[in-house]
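Have a look at the structure below, then the notes.
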Amino acid sequence: MNINIYGSTGIIGSKTLKILNDYFPKIKINLLCADKNVNKLIKQIHLYSPKFVYLNNKKKLSILKKNINSTTKILDYNELVYYLKETKSDLSLLAISGYKSLNYFEIILKNTHSLGLVSKETIVSAGHLFNNYNKLIKNKIFPLDSEHFSIFNYLNKNNINDLAKLTLTASGGPFLGKKYSSLSNISFKKASSHPNWKMGYKNSIDSATLSNKCLELVEAHYLFNLPFEKLNVIIHPQSKIHSIFEYKNYIYNMIAFYNDMTIPIYHFLNQDQNSTLKYNKFSLVKNSEYKFMDVKFSEFPILKLFNEMDKYEPTNIIKFNVANEFAVNLFKNNIIKYTDIYKIVAKITSLNLNYKLKSIKDILEYHELLERKILLKNLSNF
């Protein structure tokens, strides 16, 4: 059995490599792909000896070539595409952030037997195309976000016809209980420090604003073919319950596990293996505090904006996603205040920019068109 990892130097990619090393020595690492963290990629090559590597940043290729042995082959972009078209992998992990992961999505999906999917942008931008895929292709997707993993794991064994509502939980991030309007002087460091999860800055800030939960509602809609009217979000600060199934007969099922991505990743890797995870069992007694509360729009106005959108129109979802990514980058670079993130998302989602999105190519073109429009309007100024 073999695996390809796209985004190996990120938090999820690095954790996956550690789990492979600890539990699945028989799974061979065929390919590691990274964006620009060449030093970490070099360390991974020495530790895990992949057959192939791909580094997206061409300027750092010389550093890579000087520091690895000849047993690992460095692929350029054309060689990577050829490799994906001409080979088959048992497992693939797509953990590349940003919409440009769409460049690889379809070809990876055809290349692999099972795709562990972390990249939100792939589903958010292209989920409306999923109905065009045959069932065999769609069934390859194994969602790894904690909420969607919990839903996927449960729905695989249960009928959803009697489902009245599916609720995703949100921790509320570092500013729970504080009005959004009072956070104008919040620093990037504070906003990117999640109280429960170890994540990259983008996911942490999205958790603080609740943009991540908006995007996760879209993912749940596309992945599980559930109408938005049946999807809901509540605050659960402890991050132990990940999804709540409410049935028409008033029975509720809550899916709980530790707030650690080890569990979804392990289950993905263990599909055809017989490994046993050495992990502390979830203790209801030790984890006896379970608070739930409704989302207050005075704290999370982005969710109100999202709820009022026409979410069945794919261009609206893409505008929301691009706007949020653009605003977070401005905040990271100290160009805008934290509270300006909402203002920019509201401005960009209101742009009248229609486009027919019938393919991945159309989606990528729409992203680029939208980015040009944003720069032309200079929406970072207020």
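Read-outs: derived from the displayed coordinates by stated rules, not from any lab. These numbers come from a predicted model, not from an experiment. Because the Cβ atoms are built from the backbone with ideal geometry, glycine has one as well, and the counts that use them run over all protein chains shown.
Distance from the C-alpha centroid of the range 216-248 to that of the range 276-349: 14 Å, rounded to the whole angstrom. Across the range 220-228, coupling constants 3J(HN,Hα) worked out from phi with the 6.51/-1.76/1.60 Karplus curve, θ = phi - 60°, read 4, 4, 6, 5, 10, 6, 9, x, 4 Hz, and Gly and Pro carry x. Report relative contact order for the range 2-143 in percent, whole number only (criteria: Cα-Cα under 8 Å, sequence separation at least 6). Reported as a whole number, the value is 22 percent. Projecting the Cα atoms of 345, 300, 201 onto the dipole axis of the chain, where Lys and Arg carry +1 and Asp and Glu carry -1 at the beta carbon, places 201 farthest toward the positive end. As a ratio to 2.2 N^0.38 Å, the alpha-carbon radius of gyration computed for the range 2-143 takes the value 1.01. Overall, the range 2-143 carries a charge dipole of about 280 debye about its Cα centre when +1 sits on the Cβ of Lys and Arg and -1 on the Cβ of Asp and Glu, all other atoms neutral. Farthest toward the positive end of the dipole of the range 2-143, out of 117, 6, 64, is the Cα of 64, where the dipole comes from beta carbon charges about the Cα centre. Annotation: the residues 328, 124, sorted from fewest to most other C-beta atoms within 10 Å of their own C-beta, follow the order 124, 328.
If R0 is 51 Å, what FRET efficiency do you get for residue 228 and residue 66 from their C-beta distance, rounded to 0.05? The pair residue 228/residue 66 has a calculated efficiency of 0.50.
The C-alpha atoms of the range 169-328 occupy a region whose extents along the principal axes are 47, 35, 32 Å, arranged from largest to smallest. The Cα-based radius of gyration of the range 290-382, divided by its Kirkwood radius, gives an Rg/Rh of 1.01. Taking a ≥ b ≥ c as the square roots of the Cα gyration tensor eigenvalues, the range 87-146 comes out rounded, since a/c falls below 1.5. For the chain, the share of DSSP beta bridges that are antiparallel, to the nearest 5, is 30%. With semi-axes defined as the square roots of five times the eigenvalues of the C-alpha gyration tensor, the equivalent ellipsoid of the range 228-278 measures 27, 15, 10 Å, largest first. The helix-only estimate of mean residue ellipticity at 222 nm for the chain, built from DSSP H runs of length n ≥ 4 each weighted as -39500 (n - 2.57), is -12500 deg cm²/dmol after division by the residue total. Across the cross-link table entries 179/377; 15/120; 88/356; 179/304; 189/319; 15/291, which are compared at the Cα atoms, the separations over 22 Å belong to 179/377; 88/356; 189/319; 15/291.
For the range 173-191 versus the range 98-143, the spacing of their alpha-carbon centroids is 34 Å. If you bin all the Cα-Cα distances of the chain at 10 Å, starting from zero, the percentages per bin are 5, 22, 32, 27, 12, 1, 0. Derived scalar couplings between HN and Hα for the range 311-326 equal 7, 7, 9, x, 5, 5, 5, 5, 4, 4, 5, 5, 4, 5, 4, 4 Hz in order, rounded to whole Hz, by the Karplus curve 6.51 cos²θ - 1.76 cosθ + 1.60 (θ = phi - 60°), x for Gly and Pro.
For the chain, a simple Cβ point-charge model (Lys and Arg +1, Asp and Glu -1, everything else neutral) yields a dipole of about 1020 debye relative to the Cα centre. Given +1 at the Cβ of Lys and Arg, -1 at the Cβ of Asp and Glu and no other charges, the dipole of the range 177-222 around its Cα centre is 300 debye to the nearest 20.
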